Amino acid sequence: LTSLIPCSLAQPVTPDLLVSPSSQDGDLGSECPEDRGNWTGRLDFLLSCIGYCVGLGNVWRFPYRAYTNGGGAFLVPYFIMLAICGIPIFFMELSLGQFSSLGPLAVWKISPLFKGVGMGTILIVSLVAIYYNMIIAYVLFYLFASLTSDLPWQHCGNWWNTDLCLDRHVIKAGNNTLPVNISNTVSPSEEYWSRYVLHIQGSSGIGDPGRIRWNLCLCLLLSWTIVYLCILKGVKSSGKVVYFTATFPYLILVMLLIRGVTLDGAWKGIQFYLTPQFDHLLSSKVWIEAALQIFYSLGVGFGGLLTFASYNTFHQNIYRDTFIVTLGNAITSILAGFAIFSVLGYMSQELGVPVNQVAKAGPGLAFVVYPQAMTMLPLSPFWSFLFFFMLLTLGLDSQFAFMETIVTAVTDEFPYYLRPKKASFSAVICIALFLMGLILTTEGGMYWLVLLDDYSAGFGLMVVVITTCLVVTRVYGMKRFCRDIHMMLGFKPGPYFRACWMVLSPATMMALLVYNIVKYQPSEYGSYRFPTWAEVLGILMGVLSCLMIPMGMVVAVLQEEGTLWERLQQASRPTMDWGPSLEENRTGVYVASLAGSQSPKPLMVHMRKYGGITSYENTAIEVDREMEEDDEEESM
């Protein structure tokens, strides 16, 4: 019940209309609830969204997906899917968060019957946060290893190397030709990653994790400590950190790009990356891959966008911000492809092998191929340090979003217990997720990381996004949702957004979901195939987030009274306190619906405070008039 009590009841205050202008303090004009916290700078929100969306996937997934799916031709389905699926869902999430000023759990006051969607979101984000911070720990490990005059993965001859290790530097220095069959050889960087960093030879598989690698454990502890210190004061602290973590990667990316394109053979790699193969566009796989890249790159469904928007002022122009972030994210992915493939082109020329033999995706690119390429450059430790520092900053602000989502969701559910202790609660969450992530620091930890990566945010996340889209447009109502946006931004979404929300976006995501189920392939890591019990465990991870939805429905129905149909109807309607968090922003059906509401007409408060009617008050009057006309039509 405490979550239903408005902020105005926390302390007795004089009704706003009875306060003389001279007795007001400056806080009355504030648009954000103070006790919840809000962005303190104009660019905090925008940079946080950019930092959240532009992550590791832009560097190690997009370039690889592009070249395997038609090169430059891949950009056609990529931008079409961005328009159909990415931008509309992105805008919907921001609108829900900003309109209600609530996190991903409490926002389901919009339709309590579907609160399980929010619970599923939190489960997915928690699982992703566990393994995502382990990747940041690997990056920290390599960052520290780069602080040397001679990179440790540059040569063979170390205790972790085997007889299969082939040091191409020695062969090149001696003007020897490479062995005819190099398929059975291993690069020093690959053995450094698998045999030294992971020490994977100490584990026989996922059921045999082996010992904890204490150097990795300390890196994981350090990464969680960094994350905690940055989210210590919520968006007030993380909103300042992103000024660095969201912008600095671009500086490094440009430096790596300039260095890459000036290398011999760079054009070979770029040509390989962008040469259009338009015949690929006839394959459904290419369109699915484009939609998947958009879906995961923008981070829709994880609750981060909704959480960030909930700390905005009520009239923040999220329409403009949507296009800035989504298009900026796409351009960053394309630029990263140039930076990566220019270096891979140089590497293929140096080794005398085709580009497709050195190109990889995921951790293989970040921790094997690119570090190996760095050893071929003059000042290799400097370029290696820059590359891993860029990965660190790219990863951190995405992790900030995951943690802020979890903390905000729970504190919004129990505001009067947890908000005053937000720092302590954040510490508890960080410690709990660190302890759960300890298995990832073992010798067989990479197997668990692959399992989490493959299943934690797979079909479960798609079900969450599809359900959200359908509930907002069908249960809550497209007309009502567009009115809410009109009240907030001063204009209604156009036919493009309405068509995408009603048909195109849900249909595309349903196709994605069906494709993922039909084309299901068991997880593997290199030549290792996961046992059946591990596959079942992974599938259960995905299914559990989906099961939260019917579980939430059962709880919501049991809390209502009447017949089953009456209970379903009551539980699907918005709660009485659904709407803008501040009374002065509540117009039309939202007027005086807050418990303890002090003003019969928030517009009167606005007029007295600001000395006249602004454009937003005109919008509110229009919305009220539309609602009255609709009520008259329904009564007739």
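Tell me, what is the Rg over Rh of region 382-480, with Rh the Kirkwood radius over Cα pairs?
A ratio of 1.08.
Between 0 and 90 degrees, the angle of helix 445-455 with respect to the longest Cα principal axis of the chain falls at about 50 degrees.
Ranking P152, P420, A106 by Cα position along the charge dipole of the chain, where only Lys, Arg, Asp and Glu carry charges on their C-beta atoms, puts P152 farthest toward the positive end. Where does helix 318-351 land angle-wise versus the long Cα axis of the chain, in degrees 0 to 90, nearest 10? Taking the Cα atoms of the chain, the angle to 318-351 is about 0 degrees.
For the chain, adding -39500 (n - 2.57) for each run of n ≥ 4 DSSP H residues and dividing by the number of residues yields -18500 deg cm²/dmol at 222 nm.
Dividing the alpha-carbon Rg of the chain by 2.2 N^0.38 Å yields what?
Cα Rg divided by the expected 2.2 N^0.38 Å: 1.04.
Run the numbers for Y520 and T563: contour at 0.36 nm per residue of separation, minus the present Cα-Cα distance, in nm.
Gain in length upon complete extension: 11.4 nm.
Other residues with beta-carbon under 12 Å from the beta-carbon of V235 carry, at +1 per Lys or Arg and -1 per Asp or Glu, a net charge of +3. A cut-off under 13 angstrom between Cβ atoms defines the neighbours of V343, and their net charge, with Lys, Arg +1 and Asp, Glu -1, is +1.
At R0 = 56 Å, how high is the FRET efficiency between T575 and R529 if r is their beta carbon distance? Nearest 0.05 is fine. For T575 and R529, the calculated efficiency is 0.70.
Would you work out what percent of the accessible area of region 102-147, with all protein chains in place, is carbon or sulfur (probe 1.4 Å)?
On the way: 690 of 860 Å².
That share works out to 81 percent.
Close amide H partners of N161, meaning residues 5 or more places away or on another chain with modelled amide H under 5 Å apart, do not exist here. The alpha carbons of region 493-551 give a radius of gyration and a Dmax of 16.8, 51 Å, in that order.
For region 276-340, the alpha carbon positions stretch 47, 25, 19 Å along the principal axes, listed from largest to smallest. Going down the table (K360/K519; K236/K479; K115/K236; K115/K240), which pairs top 24 Å between alpha carbons? Where the Cα-Cα span goes over 24 Å, the pairs concerned are K236/K479; K115/K236; K115/K240. The mean accessible area for residues of region 508-599, using a 1.4 Å probe and ignoring ligands and nucleic acids, is 57 Å² per residue. Between amide H atoms placed 1.01 Å from N, distances below 5 Å from T442 occur with R213, all of them 5 or more places distant or on a separate chain.
Rg/Rh, computed from the Cα trace of region 250-361 with Rh as the Kirkwood radius, has the value 1.09. The stretch between I324 and N184, if pulled fully straight at 0.36 nm per residue, gains 45.7 nm over its current Cα-Cα span. For V186, the residues whose amide H sits under 5 Å from its own are C165, L166, ignoring neighbours fewer than 5 places away on the same chain, with H placed 1.01 Å from N. Only one residue of A457, I226, L547 has its Cα farthest out toward the positive end of the dipole of the chain, where Lys and Arg carry +1 and Asp and Glu -1 on Cβ, and that residue is I226. Relative to the current alpha-carbon distance between M551 and F79, full extension at 0.36 nm per residue lengthens the span by 166.2 nm. Between T275 and D150, the modelled labels are 3.9 nm apart [label points 7 Å from Cα along Cα→Cβ].
Derived scalar couplings between HN and Hα for region 558-573 equal 5, 7, 9, 10, x, 6, 4, 5, 5, 5, 4, 5, 5, 6, 7, 7 Hz in order, rounded to whole Hz, by the Karplus curve 6.51 cos²θ - 1.76 cosθ + 1.60 (θ = phi - 60°), x for Gly and Pro. Between H199, M81, W533, the Cα set farthest toward the positive side of the dipole of the chain (charges on each charged residue's Cβ, about the Cα centre) is that of H199.
A simple charge model with +1 on the Cβ of Lys and Arg, -1 on the Cβ of Asp and Glu and nothing else charged puts the dipole of region 429-535 at about 880 debye relative to its Cα centre. In region 439-565, the inverse of the mean reciprocal separation of distinct Cα atoms equals 17.8 Å; this is its Kirkwood hydrodynamic radius.
The values are calculated or read from the model by the stated rules, or taken from the named source; none is laboratory data. Just so it is clear, the model here is predicted, and its values are computed rather than measured. Note that each Cβ is placed from the backbone with ideal geometry, even for glycine, and that neighbours are counted across all protein chains shown. Remember, those area values only see protein heavy atoms, side chains included, never the ligands or the DNA or RNA. Shrake-Rupley method; radii C 1.70, N 1.55, O 1.52, S 1.80 Å.
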